[in-house]
1. Whose amide H sits under 5 Å from the amide H of V68, counting only residues 5 or more places off or on another chain, with H placed in the peptide plane?
2. What is the range 7-165's relative contact order, in percent, from Cα pairs under 8 angstrom and six or more apart in sequence?
3. So how strong a dipole does the range 168-300 carry about its Cα centre when Lys and Arg Cβ are +1 and Asp and Glu Cβ are -1, to the nearest 20 debye?
4. Using the C-alpha gyration tensor of the chain, what are the square roots of 5 times its eigenvalues, in whole angstrom, with the largest one first?
5. When the Kirkwood radius is taken over all Cα pairs of the range 97-154, what Stokes-Einstein diffusion coefficient follows at 25 °C and 0.890 mPa s, in µm²/s?
6. Among H151, H179, what is the fewest-to-most ranking by other Cβ atoms within 10 Å?
7. Answer rounded, prolate or oblate for the range 35-76, using the Cα gyration tensor with square roots of eigenvalues a ≥ b ≥ c: rounded when a/c is under 1.5, else prolate when a/b is larger than b/c, else oblate.
8. Would you mind working out the magnitude of the charge dipole of the chain relative to its Cα centre, with +1 at each Lys and Arg C-beta and -1 at each Asp and Glu C-beta, to the nearest 20 Debye?
Amino acid sequence: MNPVKVNTVTGPIAPQEMGITLPHEHIMYGYPGWQADQTVYPLDRRAVVNRMVGILEELKTFGLKTHVDATPADQGRDPEIYKEISEKTGVHIICSTGLYNETQGGSAYWKFRSMLGDISNELYELFLKEITVGIRGTGIKAGCIKVASSHGSITDYENKVFQAAARVHRETGVPIITHTEEGTMGPEQAELLTNAGVDPRRIQIGHMSNSTDMRYQLAVLDKGVFGAFDRMGIEVIAGCPYEREKMPVLIGLIRSGRAHQLMLSHDFIATWLGRPLPVNPADLPFLANWYPTHVFKNVIPALKAAGVTDAEIRTITVDNPRRLFGGASND
Ligand SMILES: [Zn+2]
């Protein structure tokens, strides 16, 4: 059997080359519709590159080797910009295929088509081609599939996206990473995907840091999937608990032997596409720790102070992303 390779924006690498990995971040992000605002706020390609190069150069001082970009096809992803950033910094960048949820993604196009017929094969064709041939004729291949559900439900449209992702996973072995909305539907996502034939060890359920409910955490992890505490640093906004509430949950899970299923990231968005965000000054305190080195500067030292071992930190930051992308042969 061929050794497993991981698609990065500069070409395939061995899973062992991934090293310290941030498994859910965004170089650039725009809600569908941002394109229509480009007359006033055009995409400044140079600015996107320069900003992210600066961030990755700082992250390299903490040993970062791989950035997983969780931006799906309908949220402003640009693989050629990613490639330039990766070449400038030497950091591996893994790009996603897949689509965002129904309410906040680019669903209008697909929902219109689904009135005319079943879109299942169309979604499958898109995800498969982005992984095996490349994205938009660039030859740059996606390395994971991003899927997303709504608050408290997986809609019919989202279910079709999940099923297409599962089918493409079965054929390509590429892992699936998810967005959950405000701490809901994690167990249902895991069940839907595993029922569709996805190996649970190739699934990362996202935004688990949105829940402080230990029963919810265990309901997800008991399915054998990875759970990502991937919104470290964000408080209150997007339904995120305070950091002081997240940390005991994280530490509790590690103490109960779940380090081999956890990952850490920020869901940081380096550039918002379209207009700059008008941040309400009242919200600034809740974003004070939302910066791309927070996990290394604050979270990991706090875990160590709580007795988490270096080996467990390595499991979370290095081994788990490698196993997610590399599969069983990389346990
Ligand atoms: Zn995200």
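Read-outs throughout are calculated quantities, based only on the coordinates presented, and are distinct from any laboratory measurement. Quick caveat, the model's predicted, so the values are computed rather than measured. Cβ sites come from the backbone with ideal geometry, for glycine too, and all protein chains shown count toward neighbours.
1. It is L22, H24, E25, I94, by chain and number.
2. 28 percent
3. The dipole of the range 168-300 has a size of about 360 debye.
4. In descending order the semi-axes read 26, 23, 21 Å.
5. D = 197 µm²/s.
6. Sorted ascending by nearby Cβ count, the order is H151, H179.
7. Oblate, because a/c is 1.5 or more while a/b does not exceed b/c.
8. Here the chain has a charge dipole of around 640 debye.
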